[in-house]
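Beneath this line is the structure, given in structure tokens, with notes to follow.
The values are calculated or read from the model by the stated rules, or taken from the named source; none is laboratory data. Fair warning: this is a prediction, and the values are worked out from it, not measured in the lab. Every residue, glycine among them, receives a Cβ derived from its backbone with ideal geometry; neighbour counts consider all protein chains shown.
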């Protein structure tokens, strides 16, 4: 079937496909791929000016149509749910999406044209009217509120503020950051190990002055065990831990 069209009439390959589907009055969910592919290929052959940037898009779609045509001749594939897959499904989804955006663009264009028929006028109200403010009726604003009620409201707000204060945390002092030189601590522990060779882990911990120093000491000992500089032993469960230096 021969058709005579021009490239300028279409935005791209999807626009051409949508035109062919609407022209042949076929169901977009059941595209006669053989007939549409033939018409599409005839359109490409009829192109007078070969702009390669534009032609590449149409040729990619042509290859897609040929691929779908070949897949439809083969036994149908089955997905994980046991349903037969339609080779045209992905193309149909793209066409529906393109059609939606295309008609949305038409709606936006119509709205733009309609907006051109709207006219506005500058404000012509007198300054006296623009600057007018309705006077405040204080008696109406206050209503039946008197000094006693204002006092009750004030006390209520003070009570709410007191309720928000944490009775425990409000007694805490300032928390100051305790800084420890880990390198210096590591040198001290290594010197202690070299001096004693074999000693109780408790003896080493008793040399520390704070909880943070205890933690750093414990980490340094773990690192020394890892590097093989010391070994630890324990004669009985929950007994004293003995540290022995591996240094020669």
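Here are the numbers for this structure:
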quantity: Some residue of segment 178-194 being at pLDDT below 80, surrounded by 12 or more Cβ atoms within 10 Å (Cβ to Cβ) and either touching a strand residue (DSSP E or B) at 6+ places or on another chain (Cβ under 7 Å) or part of a loop (DSSP other than H, G, I, E, B) (or both); calculated: yes
quantity: So residue 205, is it in the same structural domain as residue 225 (by TED's automatic domain parsing), at pLDDT below 80 and more than 47 Å from the chain's Cα centre (by Cα); calculated: yes
quantity: Residue pairs meeting the criteria (Cβ under 6 Å; at least 6 apart or on separate chains; first farther than 20 Å from residue 18 by Cα, in segment 100-113; second surrounded by 10 or more Cβ atoms within 10 Å (Cβ to Cβ)); calculated: none
quantity: Qualifying residue in segment 54-63 (condition: modelled with pLDDT under 80, farther than 15 Å from residue 14 by Cβ and not in a helix (DSSP H, G or I)); calculated: no
quantity: Scan of segment 67-107 for residues that are modelled with pLDDT under 85 and either in contact with a helix residue (DSSP H, G or I) (Cβ under 7 Å, 6 or more places away or on another chain) or not assigned by TED's automatic domain parsing to the domain that holds residue 22 (or both), ordered by number; calculated: 68, 69, 72, 87, 88
quantity: Residue match in segment 116-127 (condition: in a helix (DSSP H, G or I), out of contact with any strand residue (DSSP E or B) (no Cβ under 9 Å at 6 or more places or on another chain), at pLDDT 80 or above and not assigned by TED's automatic domain parsing to the domain that holds residue 19); calculated: yes
